[in-house]
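So the structure is just underneath, and the comments pick up after that.
The values are calculated or read from the model by the stated rules, or taken from the named source; none is laboratory data. Being a predicted model, the structure only gives us computed values, none of them experimental. All Cβ positions, glycine included, derive from the backbone under ideal geometry; neighbour counts span all protein chains shown.
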């Protein structure tokens with residue numbers, strides 16, 4: 001799931017040409033690129049997606065959104081660090097068909113290929129030897 005999470009800007013720094021902030025997401029602090037919203041100041045709230053601040057929002061909206069995400073149970077997964085994310089992924093149910101070669105998918109692919117072949121034969125575009133007709 002992709003969510004933009006509200007957070008409070010605690011610190012603003014520059015790293016080379018980038019504007020970087022330390023943003024607090026209800027107790028979890030992460031580094032965020034602030035270049036898309038350079039008007040942000042320490043104490044402002046912002047919506048962050050994949051490490052980039054997208055917009056400035058008010059405190060009430062930020063708090064309500066965080067509360068809603070917590071109630072839905074999605075906040076912890078979205079704010080997990082890399083190690084936690086890998087552990088959750090490893091514990092999650094695995095696909096019965098991880099390489100995409102499931103029999104059901106294969107039958108669908110075969111059916112589509114058969115339809116394509118049937119359509120080509122009806123149009124008379126190829127001769128018996130597979131070469132284009134009329135040449």
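Among the residues making up the range 31-54, those that are in contact (Cβ under 8 Å) with a residue 24 or more places away in the chain, part of a strand (DSSP E or B) and in contact with a strand residue (DSSP E or B) (Cβ under 6 Å, 6 or more places away or on another chain) are 32, 45, 46, 47, 48, 53, 54.
Candidates in the range 7-17 are the residues that are modelled with pLDDT of 95 or more and within 25 Å of the chain's Cα centre (by Cα); of these, the one that is surrounded by the fewest Cβ atoms within 10 Å (Cβ to Cβ) is 8.
Within the range 10-28, the set of residues being within 17 Å of residue 65 (Cα to Cα) and touching a strand residue (DSSP E or B) at 6+ places or on another chain (Cβ under 9 Å) comprises 23, 24, 25, 26, 28. Against the definition (modelled with pLDDT of 95 or more and either at positive phi or under 16 Å from the mean Cα position of the chain (by Cα) (or both)), how does residue 4 come out, yes or no? Spelling it out, it is not the case that residue 4 is modelled with pLDDT of 95 or more and either at positive phi or under 16 Å from the mean Cα position of the chain (by Cα) (or both).
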